[in-house]
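Notes to accompany the following structure.
The values are calculated or read from the model by the stated rules, or taken from the named source; none is laboratory data. Please read all numbers here as calculations on a predicted model, not as lab measurements. Ideal geometry is used to build each Cβ from the backbone, glycine not excepted, and the neighbour counts take in all protein chains shown. Keep in mind that these areas ignore ligands, DNA and RNA; they rest on the heavy atoms of the full protein, side chains included. Shrake-Rupley method; radii C 1.70, N 1.55, O 1.52, S 1.80 Å.
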Amino acid sequence: MDDSIRVELPLPLMHLQLEEDDDIAITSELVEPEVSRTDRSIARRASLQILYELDSTDHSLAAVMDAHFTESADSRQVRPVIRRLVQGVLENKLVIDSMLQEYAPEFPIDQVAVIDRNILRMAFYEHLMQQRHTPVPVIVNEAVQLAHRFGADHAHSFVHGVLGSLLVDTAQEAPAAEPEAEGA
């Protein structure tokens, strides 16, 4: 905010000047700002860390989320994205794991590295199960980047290969036009 203009918030409504043709509605609804692509990348990385811990320990979801939010400087608008992604993966884990097994039959799901397994779970959830539409290239790119950053030497190739197989199958099943993207 410009130092020369100081506005005390909330601005009293008596200072609100409306023209006769202005159409304005005042509600108590809290409107969160749109989460940017960079913030979604941060949310995916944080979600991966949370899912990794849950998959590797017997810690409770609430304890892991609380610890992450306490230790991490995630912005306020990213937390709902993290919660939605983590809960979506956990609620659909059995279905996702059976699909993963179908697309990587040579690798029993319980023997796939914990990082790779959770990256794939998130990507499968985002592509097949979440309500909002994330463009497929974004899902694949983010998953491969996470595998490259956190996985073993060839994890990114494995993740890319499994997601490539999924995408070939889903493209053959639904050749209709893609819905309008809401962004990454």
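Structure summary
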{"quantity": "Per residue, the convex hull volume that the Cα atoms of the range 109-152 enclose (Å³)", "calculated": "62 Å³"}
{"quantity": "Accessible-area ranking of 83, 44, largest first, probe 1.4 Å", "calculated": "83, 44"}
{"quantity": "Expected-Rg normalisation [2.2 N^0.38 Å, Cα atoms] applied to the range 48-146", "calculated": "1.08"}
{"quantity": "Accessible area in the full protein assembly, largest first, 1.4 Å probe, for 125, 52", "calculated": "52, 125"}
{"quantity": "Heavy-atom accessible surface of the range 64-167: percent carbon and sulfur, 1.4 Å", "calculated": "52 percent"}
{"quantity": "Highest to lowest packing among 138-147, 87-96, scored as the average C-beta count within 10 Å", "calculated": "138-147, 87-96"}
{"quantity": "Spatial separation of Cα centroids for the range 151-167 and the range 99-118, in angstrom", "calculated": "11 Å"}
